[in-house]
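Chemist: The structure follows.
The values are calculated or read from the model by the stated rules, or taken from the named source; none is laboratory data. Keep in mind it's a predicted model, so treat the numbers as computed, not measured. Every residue, glycine among them, receives a Cβ derived from its backbone with ideal geometry; neighbour counts consider all protein chains shown.
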Amino acid sequence: MRSYLPNDIKDENRKIIYEILLQNPEIAKVEITEKTTMSFVTVSKIVDFFYEIGLVALSGESRDGSGGLGRKRTVYRLNENSFVTVGIQLIERKVAVVLVNLIGEIVDSFSVEAKLPFHSEDFVKYFEDIINEMKKKADERGGTIIGVGLAIDGAINIRKRTVRMRVDDGVEKDFNYEEVIDKLESRVGLPVSLENDVNAATVAELKTLNSGDAGVKNLVNISVGEGIGAGIIINNELYRGMNASAGELEYMCFDENYQKTPSSIGWLEGKVKYSRLKNTYNLSTDQGIEVCIDYLSKKIALSIINIISILDIDHFILSGKSVSLFSDRLLESVKNCIEQYVDWAPTISINLVQNSSAIGAAILSLQHEMNEVLSR
């Protein structure tokens, strides 16, 4: 049985009250006590700490005690812009930047058309300019940037500390990401985290789905572009796998006679990547479009069925450049194929969140760095 030190318990209590504040942005100390098993003294100390670091402020409102009797209750308000993170997505020739607050709102954003590979010196220099600009935006709102999340189009291997990315000639190459992260952190004096773009986008998509009362806990986001990959969330947690390689669907194979070669890409990626579709089908004609949709939807449907059979997940999002070619027409075809193959009826939709990878990277950074803030 694990033993807990006093600081462990203090940190856990702070996290609990922080989560309560996210769900109840205006609340009194007594009301927090009623929602937990903590004593009023413990709650009071934690809320006072939150007030000292600027996480909460006095709302200016007071409420009557229970039944209208007793002392007035001072109400505290979550300062949602007190701590913020920056999310940056680097996908093909676009750099998108967002500043995200404690409740996941975008408080500022911009994007530029530029090809700046994550591992390039040009990006390292531009990164510093980005953060300096975002620090000004955070200051305007009385906030402090506590971290930066980068979402990149590459396969991250945490065991080897490498990221595999396509270079100009289409060949894939491994880069040591620790060296790049160290450079970035030394430039701006902030912790920088790295995430696969599809994983990051899936985090943002889940938050959007649950902005209402959807209550989705399990989600798979399948992205089809020059590659194919999936972000997987199980019980509200991003599932990464042993080497952070979960969701690398490019290696999924429906051909028992397939033989890989040292230079070959995965079987499924070779079948559905954007450039192959554009080169194989005449997408300027209705017939070419229909044939391509039929072909692509079958591959996606089989992938979904395989995922469901293993993980029993019932919410899927389709995204990526190949998907955007056909959008709703592809979606309906995928649903029809699944209905043809099995009796399952998963919920499937097309992604709607703009710059979702940048948003998700910022949210992941925020989740991690707020733990550090709460442990001060």
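Chemist: Hey, among Y258, Y295, which residue is surrounded by fewer than 21 Cβ atoms within 10 Å (Cβ to Cβ), assigned to a helix (DSSP H, G or I), of a type in the set (S, T, Y) and more than 15 Å from the chain's Cα centre (by Cα)?
Modeler: Y295
Chemist: Hey, does segment 222-235 have a residue that's surrounded by fewer than 13 Cβ atoms within 10 Å (Cβ to Cβ), out of contact with any Cys (no Cβ under 8 Å at 6 or more places or on another chain) and either outside the structural domain of T162 (by TED's automatic domain parsing) or closer than 22 Å to S365 by Cβ (or both)?
Modeler: Scanning segment 222-235, I find at least one residue that is surrounded by fewer than 13 Cβ atoms within 10 Å (Cβ to Cβ), out of contact with any Cys (no Cβ under 8 Å at 6 or more places or on another chain) and either outside the structural domain of T162 (by TED's automatic domain parsing) or closer than 22 Å to S365 by Cβ (or both), so the answer is yes.
Chemist: Let me ask something else about it. Could you please find all residues in segment 129-152 being of a type in the set (D, E) and loosely packed, with under 14 Cβ neighbours inside 10 Å?
Modeler: Within segment 129-152, D129, D139, E140 qualify.
Results for (1) of a type in the set (A, V, I, L, M, F, W, C); (2) not assigned by TED's automatic domain parsing to the domain that holds Q23, shown as yes or no for each residue.
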| site | (1), (2) |
| --- | --- |
| T74 | no, no |
| N101 | no, yes |
| A114 | yes, yes |
| S120 | no, yes |
| D129 | no, yes |
| K137 | no, yes |
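Chemist: For K173, all conditions in the list (1) closer than 19 Å to S357 by Cα; (2) assigned to a strand (DSSP E or B); (3) of a type in the set (D, E, K, R) hold save one; what is the number of the exception?
Modeler: (1)
Chemist: In this structure, is M242 over 19 Å from the mean Cα position of the chain (by Cα) and either part of a loop (DSSP other than H, G, I, E, B) or not assigned by TED's automatic domain parsing to the domain that holds L302 (or both)?
Modeler: no
Chemist: Quick test of your reading of the structure: Q23 fulfils all but one of (1) at pLDDT 95 or above; (2) polar (S, T, N, Q); (3) closer than 22 Å to A362 by Cα; (4) surrounded by fewer than 18 Cβ atoms within 10 Å (Cβ to Cβ). Name the failing condition by number.
Modeler: Unmet for Q23, out of (1) at pLDDT 95 or above; (2) polar (S, T, N, Q); (3) closer than 22 Å to A362 by Cα; (4) surrounded by fewer than 18 Cβ atoms within 10 Å (Cβ to Cβ): (1).
Chemist: Give me the residue from segment 172-194 that is out of contact with any strand residue (DSSP E or B) (no Cβ under 7 Å at 6 or more places or on another chain) and without any contact (Cβ under 8 Å) to a residue 24 or more places away in the chain and, out of that set, surrounded by the fewest Cβ atoms within 10 Å (Cβ to Cβ).
Modeler: Per the criteria, the residue is G189.
Chemist: Among the residues in segment 362-373, are any touching a Gly at 6+ places or on another chain (Cβ under 9 Å), over 30 Å from V43 (Cβ atoms) and surrounded by fewer than 19 Cβ atoms within 10 Å (Cβ to Cβ)?
Modeler: No, segment 362-373 has no match at all.
Chemist: While we're on this one: For segment 325-335, does any single residue satisfy the condition of being of a type outside the set (K, R), under 22 Å from the mean Cα position of the chain (by Cα) and surrounded by 19 or more Cβ atoms within 10 Å (Cβ to Cβ)?
Modeler: Within segment 325-335 (the criterion being of a type outside the set (K, R), under 22 Å from the mean Cα position of the chain (by Cα) and surrounded by 19 or more Cβ atoms within 10 Å (Cβ to Cβ)), the answer is no, since none of the residues qualifies.
Chemist: Can you pull out every residue in segment 347-361 that is more than 16 Å from I91 (Cβ to Cβ) and either within 16 Å of the chain's Cα centre (by Cα) or buried (at least 17 other Cβ atoms within 10 Å of the Cβ) (or both)?
Modeler: I348, L352 - these are the residues of segment 347-361 that are more than 16 Å from I91 (Cβ to Cβ) and either within 16 Å of the chain's Cα centre (by Cα) or buried (at least 17 other Cβ atoms within 10 Å of the Cβ) (or both).
Chemist: Okay, next question. Quick one: which of I156, I91 is in contact with a Gly (Cβ under 9 Å, 6 or more places away or on another chain), within 30 Å of G266 (Cα to Cα) and touching a residue at least 60 places away in the same chain (Cβ under 8 Å)? Spell out the reasoning first.
Modeler: Numbers: I156 fails: in contact with a Gly (Cβ under 9 Å, 6 or more places away or on another chain).
Answer to the selection: I91.
Chemist: Which residue is nearest to V323 (Cα to Cα), if the candidates are limited to segment 262-310 and must be among the aliphatic types (A, V, I, L, M) and without any contact (Cβ under 8 Å) to a residue 12 or more places away in the chain?
Modeler: By that ranking, first place goes to V291.
Chemist: Does segment 195-218 hold any residues that are surrounded by fewer than 24 Cβ atoms within 10 Å (Cβ to Cβ) and either over 14 Å from the mean Cα position of the chain (by Cα) or not in a helix (DSSP H, G or I) (or both), and which are they?
Modeler: Selection gives N210, S211, G212, D213, A214, G215, V216, K217, N218.
Chemist: Tell me yes or no: at least one residue of segment 250-267 is within 26 Å of Q354 (Cβ to Cβ) and among the aliphatic types (A, V, I, L, M). Talk me through it step by step, then tell me what you get.
Modeler: Step one: list which residues in segment 250-267 are within 26 Å of Q354 (Cβ to Cβ), which gives 250.
Still in the running and among the aliphatic types (A, V, I, L, M): none.
No, there is no match, as no residue in segment 250-267 is within 26 Å of Q354 (Cβ to Cβ) and among the aliphatic types (A, V, I, L, M).
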